[in-house]
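The values are calculated or read from the model by the stated rules, or taken from the named source; none is laboratory data. The model shown is predicted, which means the values in this text are computed figures rather than measured ones. Here the Cβ is made from the backbone with ideal geometry for all residues, glycine too, and neighbour counts use every protein chain on show. When the accessible area is computed, the model is the full protein with side chains, heavy atoms only, and any ligands, DNA or RNA have been set aside. Shrake-Rupley method; radii C 1.70, N 1.55, O 1.52, S 1.80 Å.
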Amino acid sequence: DVLAAEALASVNWTPLAGWEVLDFNLDNPHLADLRVRQAIAHAIDRQAIIDQILFGHGELMKSYLPAWHLLYAGDAMLPDYAYDPDQARALLQKAGYDLSKYPAVHPSRGALTLQLASMDVYIYPRPPIAAAIQEQLARVGIQVEVEFFTWPEFEGQDCSAIRNGRKFDLG
């Protein structure tokens, strides 16, 4: 972008045949509550992540698959989880969390602390994205601890890996 802005190069951006999503492990008692997952969706400013970390080179998705994917079924019937931290806090309160404490505390589930597991793969800026998610969720009372793994540790070939073995809260 800098080279193009200074007319030092002609730059063409081509999207990768990939996309990023945030997976929820519903085995976690906090995440088993739909309101908590909805609160997380409202608390993350995905457009800001695209604009600030990806320098505007990305497209906001509403579904698990991008519009160019062969199995994409459309977004028309999907709910819109616009960035709205106030709505996120309201959902957490409806779910029974005490937001006067950090992290927020549920009477039976305890402190709302989640582990975000990810891969630190060179071509993807996951560390700054994870930091943004951590900061944005903290604003609504959700503590996030981030840990990075190698591709074999995270994806692996069997159920001993982080993702396939369901050894994460957020992935």
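Miscellaneous remarks
- Every condition in (1) more than 21 Å from Ala43 (Cβ to Cβ); (2) in contact with a Leu (Cβ under 6 Å, 6 or more places away or on another chain); (3) among the hydroxyl-bearing types (Ser, Thr, Tyr) holds for Thr150 except the one numbered (2).
- Condition check for Leu22: closer than 26 Å to Gly165 by Cβ, open to solvent by 80 Å² or more (accessible area, probe 1.4 Å) and among the hydrophobic types (A, V, I, L, M, F, W, C): no
- Residue that is modelled with the highest pLDDT [pool: residues in region 59-85 that are touching a helix residue (DSSP H, G or I) at 6+ places or on another chain (Cβ under 9 Å) and hydrophobic (A, V, I, L, M, F, W, C)]: Ala82
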